[in-house]
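**Student:** Below you will find the structure I want to go over with you.
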Amino acid sequence: MAEITAYRPEDRRAVEALYRRVFGNDAAESSRLRWEWQYGRNPNNPGREPEIWIAREGKAIVGQYATMPVQVSVRGSEVRGSWGMDVMVAPERQRQGLGELLFRTWDRHVGVALGLGLSESSHRLFQKLRWPEVGPLPCLVKPLTRRALRRPNWPLPLNRLVSAVTLPIVKLVARPRPMSAEVRLIQRFDASFTTLWETLAPKFDLAVRRDAAYLNWKYVDVPHVRYSIAALRRDDRNVGYAVYRHLREPRGRVTLLADFLTDPDDEGGLDTLIRWVDREARLADSDKIRTFAMHGEFRRILRRAGYFVVKSTVEFVAKVNTAEVPADFYTNTERWHVTIGDSDQDR
Ligand SMILES: CC(C)(COP(=O)(O)OP(=O)(O)OC[C@H]1O[C@@H](n2cnc3c(N)ncnc32)[C@H](O)[C@@H]1OP(=O)(O)O)[C@@H](O)C(=O)NCCC(=O)NCCS
(Lines give C-alpha, C1' and ligand atoms only; values in the text may rest on other atoms or scores of the structure.)
Protein backbone atom coordinates (compact mmCIF):
# COMPACT_ATOMS: atom_id res chain seq x y z
CA MET A 1 0.00 0.00 0.00
CA ALA A 2 1.46 3.38 -0.99
CA GLU A 3 1.70 6.31 1.37
CA ILE A 4 1.81 9.94 0.27
CA THR A 5 4.30 12.20 2.06
CA ALA A 6 6.17 15.42 1.42
CA TYR A 7 9.30 15.41 -0.72
CA ARG A 8 12.63 15.08 1.11
CA PRO A 9 16.02 16.22 -0.31
CA GLU A 10 17.27 12.61 -0.40
CA ASP A 11 14.42 11.73 -2.83
CA ARG A 12 15.96 13.74 -5.65
CA ARG A 13 17.76 10.92 -7.51
CA ALA A 14 14.87 8.48 -7.30
CA VAL A 15 12.47 11.17 -8.53
CA GLU A 16 14.78 11.97 -11.46
CA ALA A 17 14.96 8.28 -12.37
CA LEU A 18 11.17 7.96 -12.27
CA TYR A 19 10.81 11.13 -14.37
CA ARG A 20 13.12 9.61 -16.98
CA ARG A 21 11.02 6.43 -17.12
CA VAL A 22 7.69 8.25 -17.42
CA PHE A 23 8.54 11.27 -19.61
CA GLY A 24 11.71 10.13 -21.43
CA ASN A 25 15.33 11.27 -21.49
CA ASP A 26 14.94 14.67 -23.15
CA ALA A 27 12.15 15.83 -20.85
CA ALA A 28 14.07 14.54 -17.82
CA GLU A 29 17.20 16.40 -18.86
CA SER A 30 15.34 19.67 -19.37
CA SER A 31 13.56 19.20 -16.04
CA ARG A 32 16.95 18.69 -14.37
CA LEU A 33 18.22 21.99 -15.83
CA ARG A 34 15.13 23.86 -14.59
CA TRP A 35 14.99 22.17 -11.19
CA GLU A 36 16.98 24.57 -8.99
CA TRP A 37 15.21 27.61 -10.43
CA GLN A 38 11.77 26.04 -10.42
CA TYR A 39 11.78 24.66 -6.88
CA GLY A 40 14.62 26.45 -5.10
CA ARG A 41 14.10 30.05 -6.16
CA ASN A 42 10.35 30.51 -6.41
CA PRO A 43 9.70 33.68 -4.35
CA ASN A 44 6.37 32.19 -3.24
CA ASN A 45 8.19 29.38 -1.47
CA PRO A 46 11.12 31.14 0.21
CA GLY A 47 13.56 28.91 2.02
CA ARG A 48 11.24 25.92 2.20
CA GLU A 49 11.40 22.49 0.65
CA PRO A 50 9.79 22.13 -2.80
CA GLU A 51 6.04 21.51 -2.64
CA ILE A 52 6.13 18.03 -4.11
CA TRP A 53 4.01 15.11 -2.95
CA ILE A 54 5.66 11.70 -3.17
CA ALA A 55 3.97 8.30 -3.37
CA ARG A 56 6.14 5.72 -1.59
CA GLU A 57 5.97 1.97 -1.32
CA GLY A 58 8.52 0.93 1.28
CA LYS A 59 11.77 2.52 0.08
CA ALA A 60 10.61 2.85 -3.53
CA ILE A 61 9.17 6.04 -5.03
CA VAL A 62 6.27 5.17 -7.33
CA GLY A 63 4.75 8.58 -8.03
CA GLN A 64 4.94 12.33 -7.51
CA TYR A 65 2.84 15.44 -7.76
CA ALA A 66 5.10 18.48 -8.16
CA THR A 67 3.57 21.93 -7.73
CA MET A 68 4.45 25.59 -8.29
CA PRO A 69 3.26 27.74 -5.36
CA VAL A 70 1.71 31.07 -6.36
CA GLN A 71 -0.41 33.73 -4.70
CA VAL A 72 -3.78 33.85 -6.44
CA SER A 73 -6.12 36.79 -6.51
CA VAL A 74 -9.69 35.48 -6.33
CA ARG A 75 -12.29 38.23 -6.68
CA GLY A 76 -10.08 40.70 -4.82
CA SER A 77 -8.78 38.48 -2.01
CA GLU A 78 -5.41 36.82 -2.04
CA VAL A 79 -5.28 33.06 -1.54
CA ARG A 80 -2.31 30.73 -1.42
CA GLY A 81 -2.49 28.40 -4.38
CA SER A 82 -0.37 26.29 -6.66
CA TRP A 83 -0.11 25.06 -10.20
CA GLY A 84 -0.01 21.29 -10.33
CA MET A 85 2.77 20.40 -12.75
CA ASP A 86 4.73 17.25 -13.30
CA VAL A 87 2.44 14.53 -11.98
CA MET A 88 3.49 10.97 -12.70
CA VAL A 89 2.98 7.41 -11.57
CA ALA A 90 5.37 4.54 -12.38
CA PRO A 91 4.11 2.80 -15.57
CA GLU A 92 3.51 -0.56 -13.84
CA ARG A 93 1.50 1.13 -11.07
CA GLN A 94 -0.80 3.29 -13.26
CA ARG A 95 -4.59 2.81 -13.29
CA GLN A 96 -4.56 1.51 -9.70
CA GLY A 97 -5.68 4.62 -7.86
CA LEU A 98 -2.29 6.20 -7.03
CA GLY A 99 -2.87 9.22 -9.25
CA GLU A 100 -6.18 9.91 -7.54
CA LEU A 101 -4.49 9.70 -4.13
CA LEU A 102 -1.82 12.21 -5.24
CA PHE A 103 -4.38 14.62 -6.77
CA ARG A 104 -6.50 14.53 -3.60
CA THR A 105 -3.53 15.07 -1.27
CA TRP A 106 -2.42 18.15 -3.24
CA ASP A 107 -5.98 19.49 -3.29
CA ARG A 108 -6.37 19.11 0.51
CA HIS A 109 -3.25 21.21 1.14
CA VAL A 110 -3.88 24.18 -1.13
CA GLY A 111 -6.28 27.14 -1.19
CA VAL A 112 -6.56 27.25 -4.97
CA ALA A 113 -5.51 24.28 -7.09
CA LEU A 114 -4.73 25.06 -10.74
CA GLY A 115 -3.75 22.88 -13.67
CA LEU A 116 -2.75 24.03 -17.16
CA GLY A 117 -1.76 22.06 -20.28
CA LEU A 118 -2.94 18.65 -19.13
CA SER A 119 -2.00 15.36 -20.73
CA GLU A 120 -4.78 13.08 -21.92
CA SER A 121 -4.45 10.83 -18.84
CA SER A 122 -4.41 13.61 -16.25
CA HIS A 123 -7.27 15.42 -18.02
CA ARG A 124 -9.35 12.23 -17.79
CA LEU A 125 -8.49 11.86 -14.13
CA PHE A 126 -9.56 15.46 -13.38
CA GLN A 127 -12.83 14.72 -15.19
CA LYS A 128 -13.30 11.53 -13.20
CA LEU A 129 -12.78 13.53 -9.97
CA ARG A 130 -15.34 16.09 -11.26
CA TRP A 131 -13.06 19.12 -11.02
CA PRO A 132 -14.41 22.32 -12.54
CA GLU A 133 -13.23 22.45 -16.15
CA VAL A 134 -12.62 25.96 -17.37
CA GLY A 135 -10.49 25.33 -20.42
CA PRO A 136 -9.12 25.09 -22.91
CA LEU A 137 -7.13 28.29 -22.63
CA PRO A 138 -8.05 30.27 -25.79
CA CYS A 139 -5.27 30.58 -28.36
CA LEU A 140 -4.98 33.52 -30.79
CA VAL A 141 -2.72 33.92 -33.79
CA LYS A 142 -1.84 36.96 -35.87
CA PRO A 143 -0.46 36.14 -39.33
CA LEU A 144 2.40 38.35 -40.53
CA THR A 145 3.58 36.63 -43.70
CA ARG A 146 2.05 34.27 -46.21
CA ARG A 147 3.91 31.41 -44.57
CA ALA A 148 1.84 31.97 -41.42
CA LEU A 149 -0.97 29.61 -42.38
CA ARG A 150 1.22 26.67 -43.30
CA ARG A 151 0.56 23.41 -41.49
CA PRO A 152 3.27 20.76 -41.00
CA ASN A 153 0.74 17.98 -41.76
CA TRP A 154 -0.40 19.44 -45.13
CA PRO A 155 1.34 18.55 -48.41
CA LEU A 156 3.47 21.30 -49.99
CA PRO A 157 1.07 22.14 -52.89
CA LEU A 158 -1.82 22.65 -50.45
CA ASN A 159 0.34 24.86 -48.22
CA ARG A 160 1.32 26.92 -51.31
CA LEU A 161 -2.30 27.28 -52.42
CA VAL A 162 -3.50 28.41 -48.98
CA SER A 163 -0.62 30.91 -48.76
CA ALA A 164 -1.49 32.40 -52.15
CA VAL A 165 -5.26 32.65 -51.51
CA THR A 166 -4.90 34.21 -48.07
CA LEU A 167 -2.10 36.63 -48.94
CA PRO A 168 -4.33 39.73 -49.37
CA ILE A 169 -5.90 39.20 -45.90
CA VAL A 170 -2.51 38.61 -44.31
CA LYS A 171 -1.17 41.82 -45.86
CA LEU A 172 -4.15 43.75 -44.55
CA VAL A 173 -3.95 42.56 -40.92
CA ALA A 174 -0.15 42.68 -40.84
CA ARG A 175 0.15 46.29 -42.05
CA PRO A 176 2.25 48.41 -39.68
CA ARG A 177 0.23 50.78 -37.48
CA PRO A 178 1.57 53.73 -35.46
CA MET A 179 1.80 53.48 -31.66
CA SER A 180 -0.01 55.90 -29.37
CA ALA A 181 1.86 55.54 -26.05
CA GLU A 182 5.47 55.03 -25.03
CA VAL A 183 6.96 51.56 -24.86
CA ARG A 184 10.38 50.79 -23.43
CA LEU A 185 12.41 47.60 -23.31
CA ILE A 186 13.39 46.74 -19.74
CA GLN A 187 15.84 44.27 -18.19
CA ARG A 188 14.02 43.73 -14.88
CA PHE A 189 10.70 44.55 -13.28
CA ASP A 190 11.05 47.25 -10.60
CA ALA A 191 8.81 47.81 -7.56
CA SER A 192 6.39 49.94 -9.61
CA PHE A 193 5.10 46.72 -11.22
CA THR A 194 4.06 45.46 -7.77
CA THR A 195 2.06 48.66 -7.32
CA LEU A 196 0.59 48.20 -10.80
CA TRP A 197 -0.46 44.66 -9.93
CA GLU A 198 -2.05 45.77 -6.66
CA THR A 199 -4.05 48.44 -8.50
CA LEU A 200 -5.27 46.04 -11.19
CA ALA A 201 -5.83 42.84 -9.16
CA PRO A 202 -9.45 43.72 -8.18
CA LYS A 203 -10.32 43.89 -11.89
CA PHE A 204 -9.75 40.15 -12.28
CA ASP A 205 -11.94 37.37 -10.86
CA LEU A 206 -8.95 35.03 -10.88
CA ALA A 207 -5.29 35.67 -11.70
CA VAL A 208 -1.89 34.78 -10.31
CA ARG A 209 -0.31 37.67 -8.41
CA ARG A 210 2.07 39.31 -10.86
CA ASP A 211 4.30 41.31 -8.50
CA ALA A 212 7.90 42.28 -9.32
CA ALA A 213 9.45 39.34 -7.41
CA TYR A 214 7.28 36.82 -9.24
CA LEU A 215 7.79 38.47 -12.65
CA ASN A 216 11.58 38.61 -12.27
CA TRP A 217 11.71 34.97 -11.22
CA LYS A 218 9.39 33.86 -14.00
CA TYR A 219 10.63 35.94 -16.94
CA VAL A 220 14.10 37.33 -16.11
CA ASP A 221 15.94 34.78 -13.94
CA VAL A 222 14.58 31.81 -15.84
CA PRO A 223 17.41 29.55 -17.07
CA HIS A 224 15.89 27.73 -20.05
CA VAL A 225 14.35 30.46 -22.24
CA ARG A 226 15.18 34.10 -22.93
CA TYR A 227 12.37 36.64 -23.01
CA SER A 228 12.15 40.26 -24.12
CA ILE A 229 10.15 42.54 -21.84
CA ALA A 230 8.41 45.72 -22.96
CA ALA A 231 7.01 48.20 -20.45
CA LEU A 232 4.07 50.42 -21.38
CA ARG A 233 4.50 53.95 -20.01
CA ARG A 234 2.20 56.87 -19.51
CA ASP A 235 2.97 60.08 -17.60
CA ASP A 236 6.33 58.61 -16.58
CA ARG A 237 4.69 55.58 -14.96
CA ASN A 238 4.68 51.91 -15.88
CA VAL A 239 1.09 50.98 -16.73
CA GLY A 240 1.57 47.60 -18.38
CA TYR A 241 4.02 45.08 -19.77
CA ALA A 242 4.40 42.43 -22.47
CA VAL A 243 6.73 39.41 -22.27
CA TYR A 244 7.59 37.67 -25.56
CA ARG A 245 10.17 35.58 -27.35
CA HIS A 246 10.87 34.41 -30.88
CA LEU A 247 11.11 30.73 -31.70
CA ARG A 248 11.57 28.46 -34.66
CA GLU A 249 8.94 25.84 -35.45
CA PRO A 250 8.88 23.20 -38.22
CA ARG A 251 6.98 25.51 -40.63
CA GLY A 252 8.42 28.88 -39.81
CA ARG A 253 9.25 31.44 -37.17
CA VAL A 254 6.83 32.38 -34.41
CA THR A 255 6.81 35.17 -31.88
CA LEU A 256 5.16 33.98 -28.69
CA LEU A 257 3.51 36.68 -26.60
CA ALA A 258 3.79 34.69 -23.38
CA ASP A 259 2.36 37.13 -20.85
CA PHE A 260 1.04 40.67 -20.64
CA LEU A 261 -0.77 42.98 -18.28
CA THR A 262 -2.64 46.24 -18.66
CA ASP A 263 -5.84 47.62 -17.24
CA PRO A 264 -8.50 45.66 -19.19
CA ASP A 265 -10.41 48.94 -19.59
CA ASP A 266 -7.38 50.60 -21.19
CA GLU A 267 -7.88 49.46 -24.79
CA GLY A 268 -5.30 51.94 -26.10
CA GLY A 269 -2.73 50.57 -23.65
CA LEU A 270 -2.92 46.94 -24.69
CA ASP A 271 -3.26 47.97 -28.32
CA THR A 272 0.01 49.90 -28.05
CA LEU A 273 1.80 46.87 -26.59
CA ILE A 274 0.35 44.71 -29.36
CA ARG A 275 1.73 47.10 -31.98
CA TRP A 276 5.11 47.02 -30.29
CA VAL A 277 5.14 43.21 -30.39
CA ASP A 278 4.04 43.34 -34.07
CA ARG A 279 7.06 45.49 -34.82
CA GLU A 280 9.44 43.27 -32.89
CA ALA A 281 8.04 40.15 -34.56
CA ARG A 282 8.57 41.69 -38.00
CA LEU A 283 12.15 42.64 -37.09
CA ALA A 284 12.74 39.03 -36.00
CA ASP A 285 11.34 37.85 -39.33
CA SER A 286 8.47 35.94 -37.70
CA ASP A 287 5.65 34.53 -39.81
CA LYS A 288 3.09 34.90 -37.05
CA ILE A 289 2.50 35.90 -33.45
CA ARG A 290 0.83 33.48 -31.08
CA THR A 291 -0.71 34.26 -27.72
CA PHE A 292 -3.15 32.76 -25.23
CA ALA A 293 -5.70 34.79 -23.29
CA MET A 294 -8.54 33.85 -20.99
CA HIS A 295 -9.82 37.37 -20.36
CA GLY A 296 -12.75 38.33 -22.60
CA GLU A 297 -11.84 42.00 -22.99
CA PHE A 298 -8.17 41.26 -23.71
CA ARG A 299 -9.30 38.77 -26.38
CA ARG A 300 -11.59 41.36 -27.97
CA ILE A 301 -8.74 43.89 -28.16
CA LEU A 302 -6.43 41.26 -29.66
CA ARG A 303 -9.05 40.34 -32.28
CA ARG A 304 -9.52 43.98 -33.23
CA ALA A 305 -5.72 44.18 -33.71
CA GLY A 306 -5.70 41.34 -36.25
CA TYR A 307 -5.52 38.18 -34.13
CA PHE A 308 -7.69 35.16 -34.97
CA VAL A 309 -8.93 32.64 -32.43
CA VAL A 310 -7.61 29.18 -33.32
CA LYS A 311 -8.13 25.76 -31.77
CA SER A 312 -6.41 25.36 -28.42
CA THR A 313 -5.29 22.11 -26.84
CA VAL A 314 -4.16 23.73 -23.58
CA GLU A 315 -6.62 22.27 -21.09
CA PHE A 316 -7.22 24.19 -17.89
CA VAL A 317 -8.77 23.19 -14.55
CA ALA A 318 -9.17 25.28 -11.41
CA LYS A 319 -10.61 24.60 -7.95
CA VAL A 320 -10.97 27.23 -5.24
CA ASN A 321 -11.01 25.65 -1.78
CA THR A 322 -10.58 28.45 0.74
CA ALA A 323 -12.51 31.43 -0.63
CA GLU A 324 -16.23 31.89 -1.17
CA VAL A 325 -17.08 31.94 -4.88
CA PRO A 326 -20.49 32.46 -6.49
CA ALA A 327 -22.30 29.64 -8.29
CA ASP A 328 -21.39 30.86 -11.79
CA PHE A 329 -17.68 31.37 -10.93
CA TYR A 330 -16.41 28.54 -13.13
CA THR A 331 -18.78 29.11 -16.03
CA ASN A 332 -18.23 32.85 -16.35
CA THR A 333 -14.47 33.16 -16.81
CA GLU A 334 -14.48 36.39 -18.86
CA ARG A 335 -12.63 38.24 -16.06
CA TRP A 336 -9.96 35.58 -15.43
CA HIS A 337 -6.47 36.55 -16.51
CA VAL A 338 -4.50 33.46 -17.50
CA THR A 339 -1.81 33.28 -20.19
CA ILE A 340 0.64 30.70 -21.49
CA GLY A 341 3.28 32.31 -19.23
CA ASP A 342 1.34 30.83 -16.30
CA SER A 343 2.33 27.54 -14.69
CA ASP A 344 5.39 26.06 -16.42
CA GLN A 345 3.81 25.83 -19.87
CA ASP A 346 6.44 27.75 -21.81
CA ARG A 347 9.43 25.42 -21.52
C1 LIG B 1 -1.80 10.92 -15.00
C2 LIG B 1 -1.36 9.82 -14.05
C3 LIG B 1 -0.46 10.43 -12.98
C4 LIG B 1 -2.58 9.20 -13.37
O5 LIG B 1 -2.14 8.28 -12.42
P6 LIG B 1 -2.90 6.85 -12.21
O7 LIG B 1 -2.32 6.25 -10.98
O8 LIG B 1 -2.82 6.07 -13.46
O9 LIG B 1 -4.40 7.32 -11.96
P10 LIG B 1 -5.56 6.57 -11.17
O11 LIG B 1 -5.35 5.09 -11.24
O12 LIG B 1 -5.72 7.15 -9.81
O13 LIG B 1 -6.81 7.04 -11.98
C14 LIG B 1 -7.12 6.39 -13.14
C15 LIG B 1 -7.98 7.34 -13.97
O16 LIG B 1 -7.14 8.32 -14.60
C17 LIG B 1 -7.50 8.44 -15.97
N18 LIG B 1 -6.39 7.83 -16.75
C19 LIG B 1 -5.22 7.41 -16.25
N20 LIG B 1 -4.44 6.96 -17.26
C21 LIG B 1 -5.13 7.10 -18.37
C22 LIG B 1 -4.87 6.84 -19.74
N23 LIG B 1 -3.70 6.29 -20.14
N24 LIG B 1 -5.81 7.13 -20.65
C25 LIG B 1 -6.99 7.65 -20.28
N26 LIG B 1 -7.31 7.93 -19.00
C27 LIG B 1 -6.39 7.66 -18.06
C28 LIG B 1 -8.79 7.67 -16.14
O29 LIG B 1 -9.84 8.53 -15.79
C30 LIG B 1 -8.63 6.60 -15.08
O31 LIG B 1 -9.86 6.09 -14.63
P32 LIG B 1 -10.27 4.61 -15.06
O33 LIG B 1 -9.09 3.74 -14.79
O34 LIG B 1 -11.46 4.33 -14.22
O35 LIG B 1 -10.57 4.72 -16.53
C36 LIG B 1 -0.60 8.69 -14.78
O37 LIG B 1 -1.45 8.19 -15.79
C38 LIG B 1 0.70 9.10 -15.44
O39 LIG B 1 1.76 9.08 -14.80
N40 LIG B 1 0.66 9.42 -16.73
C41 LIG B 1 1.85 9.73 -17.52
C42 LIG B 1 2.41 11.08 -17.17
C43 LIG B 1 1.43 12.20 -17.43
O44 LIG B 1 0.76 12.24 -18.45
N45 LIG B 1 1.39 13.16 -16.49
C46 LIG B 1 0.51 14.29 -16.57
C47 LIG B 1 1.23 15.52 -17.04
S48 LIG B 1 0.08 16.87 -17.13
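The values are calculated or read from the model by the stated rules, or taken from the named source; none is laboratory data. These figures come from a predicted structure and were not determined experimentally. Please note: Cβ atoms are built from the backbone with ideal geometry, for glycine as well, and neighbour counts cover all protein chains shown.
**Student:** Can you confirm whether THR272 is of a type in the set (S, T, N, Q) and not in a helix (DSSP H, G or I)?
**Tutor:** No.
**Student:** In region 1-17, what residues are closer than 16 Å to TRP106 by Cβ, in a loop (DSSP other than H, G, I, E, B) and not small (Gly, Ala, Ser)? Before the answer, list the steps.
**Tutor:** As a first pass, look at region 1-17 and keep what is closer than 16 Å to TRP106 by Cβ: 2-7, 15.
Restricting the remaining residues to those that are in a loop (DSSP other than H, G, I, E, B) gives 2, 7.
Result: TYR7, single match.
Rundown of residues vs (1) within 25 Å of ASP328 (Cα to Cα); (2) surrounded by 14 or more Cβ atoms within 10 Å (Cβ to Cβ), yes/no style:
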| position | (1), (2) |
| --- | --- |
| GLN94 | no, yes |
| ARG108 | yes, no |
| SER119 | no, no |
| PRO132 | yes, yes |
| GLY135 | yes, yes |
| ARG150 | no, yes |
| PHE193 | no, yes |
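**Student:** Identify, by number, the condition in (1) assigned to a helix (DSSP H, G or I); (2) free of Cβ contacts under 8 Å to residues at least 24 places away in the same chain; (3) closer than 16 Å to ASP278 by Cβ that THR166 doesn't meet.
**Tutor:** Condition (3) is where THR166 drops out.
**Student:** Here's another thing I want to ask about it. Could you list, ordered by first residue, the pairs with Cβ atoms under 6 Å in which the first is in region 2-25 and closer than 16 Å to ALA90 by Cβ and the second is of a type in the set (S, T, N, Q), at least 6 apart or interchain?
**Tutor:** Once the first residue is closer than 16 Å to ALA90 by Cβ and sits in region 2-25, its partners that are of a type in the set (S, T, N, Q) give ILE4/THR105; VAL15/GLN64; TYR19/SER31.
**Student:** Within region 61-68, is there a residue that is touching a residue at least 60 places away in the same chain (Cβ under 8 Å) and of a type in the set (Ser, Thr, Tyr)? Walk me through it before giving the result.
**Tutor:** Filtering region 61-68 for residues touching a residue at least 60 places away in the same chain (Cβ under 8 Å) gives 62-63, 68.
So of that shortlist, the ones also of a type in the set (Ser, Thr, Tyr) come out as none.
No, the conditions are met nowhere in region 61-68.
**Student:** Determine, yes or no, whether VAL141 is at pLDDT 95 or above, out of contact with any helix residue (DSSP H, G or I) (no Cβ under 6 Å at 6 or more places or on another chain) and not in a loop (DSSP other than H, G, I, E, B).
**Tutor:** Taking the combined requirement at face value, the residue satisfies it.
**Student:** Which of the residues that make up region 1-27 are within 19 Å of TRP53 (Cβ to Cβ), surrounded by fewer than 17 Cβ atoms within 10 Å (Cβ to Cβ) and not basic (Lys, Arg)?
**Tutor:** Matches in region 1-27: MET1, GLU3, THR5, ALA6, PRO9, GLU10, ALA14, GLU16, ALA17, PHE23.
**Student:** Sticking with this structure for a sec: Condition first: farther than 25 Å from VAL338 by Cα and either acidic (Asp, Glu) or in contact (Cβ under 8 Å) with a residue 12 or more places away in the chain (or both). Can you find one or more residues in region 136-145 that meet it?
**Tutor:** yes
**Student:** Please count how many residues of region 246-260 are among the charged types (D, E, K, R), within 11 Å of SER286 (Cβ to Cβ) and buried (at least 17 other Cβ atoms within 10 Å of the Cβ).
**Tutor:** Number satisfying all stated conditions: 1.
**Student:** Would you list the helices (runs of 4 or more DSSP H) that sit entirely within region 18-131 and hold 2 or more residues that are over 21 Å from THR322 (Cα atoms) and within 7 Å of the ligand (Cβ to nearest atom)?
**Tutor:** Per the criteria, 98-108, 120-128.
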